[in-house]
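Visitor: This is the structure I have questions about; it appears just below.
The values are calculated or read from the model by the stated rules, or taken from the named source; none is laboratory data. Note that the structure is predicted; figures quoted are calculated from it, not measured. No Cβ is skipped: glycine too gets one built from the backbone with ideal geometry, and neighbour counts run over all protein chains shown. What goes into the accessible areas is simple: the full protein's heavy atoms, side chains included, and nothing from ligands, DNA or RNA. Shrake-Rupley method; radii C 1.70, N 1.55, O 1.52, S 1.80 Å.
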Amino acid sequence: MKNKQQKKLTDLAERLLKNNFNGIGKPKTKGSLLLHSRRTIKEQARIIGKAATDLNLKNLKLLTPTMAQDYLTHCRDKGCCQKYLSTIKCSLQRVLFKHENNKLTRVIALERKEIPLTDKNRAYTNEQIRFIMTAMNDRAKLSTLIAVDAGLRVEELLTIRRTNEASASKSRKWSDLRFSGRKEGVRYIVTGKNGLRREVLISKDIAELMETKRLVQPKTIIDRGHPFAINYDLLGGKRLTDAFYRASKKTLGWNHGAHGLRFTYAQNRIDKELTNFTESEANLILSQELGHFREEITKRYLAPYSKRH
């Protein structure tokens, strides 16, 4: 019953946000309260729906500033991080005050232990990626560009094949909508978890750079104890993981791992290139591009906040 009520409230919140704060496709301006990302609208609607459910409200109109302020304090006492508290505050303000200038009082998060990496939003911004690459050699830079451009796991960089050299696994039904909204590129085949082979799209200019690293003959290397017959002189597997870690720590002072490049790919796709599809359609397209077919994993790449909240 609670889940049904929460879904109802979340749907109400999403309609409210779309009716009052929908900025998708509109230019961003300083001080604007509009939401320019479908993913952000969905996330804030989820937060509002959960808050209203936790407060045992039957309708969003019953929410008061005092309730919202008490809820923020409750979330702080549960150990929510500052970023999440700020998002709750902004979300609830949109319900309470619409376009008025009123605001809830900021609540400061309690000190707590580091959140496990599996609970974090590991995506890097494009600016952060460019900054990280300033501390890399040319080989690592190109490998990083390919990984974020195609949404690859680090070990998949070692398996890149031209489409006349390999084919996608026939055990899966592949959607014709894959890569919708992307600019011109070249399709390649990579091998991922459990031996699943899939097509990936690499932007034309990056593919041209990669082809300059084509080996005359495939070369076998060992990565984490497994042999890979590589066709391109790229950095992949543990070597890229290590190079990315060093560059990220040096330039940013922290590191979410090279796997965070897949988070960046996923969120860029949803936010910028798959906006003409329904949520279900977009998740299906993205799941196949990432090399898995489970919606809950797709959502993990998109949900910016810890599941425990």
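Visitor: Return a yes/no flag: does the range 244-256 have any residue that is under 28 Å from residue 24 (Cβ atoms), in contact with a helix residue (DSSP H, G or I) (Cβ under 8 Å, 6 or more places away or on another chain) and surrounded by 13 or more Cβ atoms within 10 Å (Cβ to Cβ).
Guide: Quick first cut of the range 244-256, residues under 28 Å from residue 24 (Cβ atoms) only: 256.
Retained after the next criterion (residues that are in contact with a helix residue (DSSP H, G or I) (Cβ under 8 Å, 6 or more places away or on another chain)): 256.
From what is left, the residues that are surrounded by 13 or more Cβ atoms within 10 Å (Cβ to Cβ) are 256.
Yes, the conditions are met somewhere in the range 244-256.
Visitor: Okay, next question. Right, residue 202: touching a strand residue (DSSP E or B) at 6+ places or on another chain (Cβ under 7 Å), among the hydrophobic types (A, V, I, L, M, F, W, C), open to solvent by less than 10 Å² (accessible area, probe 1.4 Å) and at pLDDT 90 or above or not? Steps first, please.
Guide: On the way: touching a strand residue (DSSP E or B) at 6+ places or on another chain (Cβ under 7 Å): yes; among the hydrophobic types (A, V, I, L, M, F, W, C): yes; open to solvent by less than 10 Å² (accessible area, probe 1.4 Å): yes; at pLDDT 90 or above: yes.
Yes, satisfied.
Visitor: From the list 286, 274, 240, 290, which one is aliphatic (A, V, I, L, M) and more than 18 Å from the chain's Cα centre (by Cα)?
Guide: Working: 286 fails: more than 18 Å from the chain's Cα centre (by Cα); 274 fails: more than 18 Å from the chain's Cα centre (by Cα); 290 fails: more than 18 Å from the chain's Cα centre (by Cα).
Only one candidate passes the filter, namely 240.
Visitor: Which condition from (1) open to solvent by less than 50 Å² (accessible area, probe 1.4 Å); (2) under 19 Å from residue 43 (Cβ atoms); (3) of a type in the set (Val, Ile, Thr); (4) in contact (Cβ under 8 Å) with a residue 40 or more places away in the chain is the one that residue 275 breaks?
Guide: Evaluating residue 275 over (1) open to solvent by less than 50 Å² (accessible area, probe 1.4 Å); (2) under 19 Å from residue 43 (Cβ atoms); (3) of a type in the set (Val, Ile, Thr); (4) in contact (Cβ under 8 Å) with a residue 40 or more places away in the chain leaves (1) as the failure.
Visitor: Does residue 229 satisfy the condition of being closer than 24 Å to residue 138 by Cα and crowded, with 20+ Cβ neighbours inside 10 Å? Full working, then the answer.
Guide: Details: closer than 24 Å to residue 138 by Cα: yes; crowded, with 20+ Cβ neighbours inside 10 Å: no.
No: the conditions fail for residue 229.
Visitor: Let me ask you something else. If residue 219 meets every condition in (1) more than 23 Å from residue 127 (Cα to Cα); (2) buried (at least 21 other Cβ atoms within 10 Å of the Cβ) apart from one, which number is that one?
Guide: Exception for residue 219: condition (2).
Visitor: Pairs under 7 Å by beta carbon, first residue assigned to a loop (DSSP other than H, G, I, E, B) in the range 182-198, partner of a type in the set (A, V, I, L, M) and open to solvent by less than 100 Å² (accessible area, probe 1.4 Å), six or more apart or different chains?
Guide: Cβ pairs passing all conditions: 182/201.
Visitor: In addition: List pairs: first residue in the range 201-230 and without any contact (Cβ under 8 Å) to a residue 60 or more places away in the chain, second residue of a type in the set (Val, Ile, Thr) and open to solvent by 90 Å² or more (accessible area, probe 1.4 Å) anywhere in the structure, Cβ distance under 8 angstrom, at least six positions apart or on different chains.
Guide: From the range 201-230, the pairs are 227/220; 229/220.
Visitor: Using beta carbons and a limit of 7 Å, which pairs, at least six apart or on different chains, have the first residue in the range 126-152 and farther than 18 Å from residue 207 by Cβ and surrounded by fewer than 18 Cβ atoms within 10 Å (Cβ to Cβ) and the second one at pLDDT below 95 and basic (Lys, Arg)?
Guide: Every condition considered, the pairs that remain are 135/250.
Visitor: In the range 56-66, is there at least one residue being part of a helix (DSSP H, G or I) and surrounded by 12 or more Cβ atoms within 10 Å (Cβ to Cβ)? Give the steps one after another, and end with the answer.
Guide: Taking the range 56-66 and keeping what is part of a helix (DSSP H, G or I), we get 60-62, 65-66.
Cutting the leftovers down to surrounded by 12 or more Cβ atoms within 10 Å (Cβ to Cβ) gives us 60, 65.
The answer is yes; a qualifying residue exists.
Visitor: To continue, here is another question. For residue 178, are the conditions met, namely being in a strand (DSSP E or B) and touching a helix residue (DSSP H, G or I) at 6+ places or on another chain (Cβ under 8 Å)? Give the derivation first.
Guide: Working: in a strand (DSSP E or B): no; touching a helix residue (DSSP H, G or I) at 6+ places or on another chain (Cβ under 8 Å): yes.
Answer is no for this residue.
Visitor: So which residues in the range 22-38 are over 22 Å from the mean Cα position of the chain (by Cα) and surrounded by 12 or more Cβ atoms within 10 Å (Cβ to Cβ), if there are any at all?
Guide: Result: 32, 33.
Visitor: Test residue 184 against the stated conditions and say whether it is closer than 22 Å to residue 227 by Cβ and in contact with a strand residue (DSSP E or B) (Cβ under 9 Å, 6 or more places away or on another chain). First the steps, then the outcome.
Guide: Working: closer than 22 Å to residue 227 by Cβ: no; in contact with a strand residue (DSSP E or B) (Cβ under 9 Å, 6 or more places away or on another chain): yes.
In short, no.
Visitor: If the Cβ limit is 6 Å and pairs must be 6+ apart or interchain, which residue in the range 16-32 that is in a loop (DSSP other than H, G, I, E, B) pairs with which residue that is of a type in the set (A, V, I, L, M) and open to solvent by less than 80 Å² (accessible area, probe 1.4 Å)?
Guide: Once the first residue is in a loop (DSSP other than H, G, I, E, B) and sits in the range 16-32, its partners that are of a type in the set (A, V, I, L, M) and open to solvent by less than 80 Å² (accessible area, probe 1.4 Å) give 23/34; 23/35.
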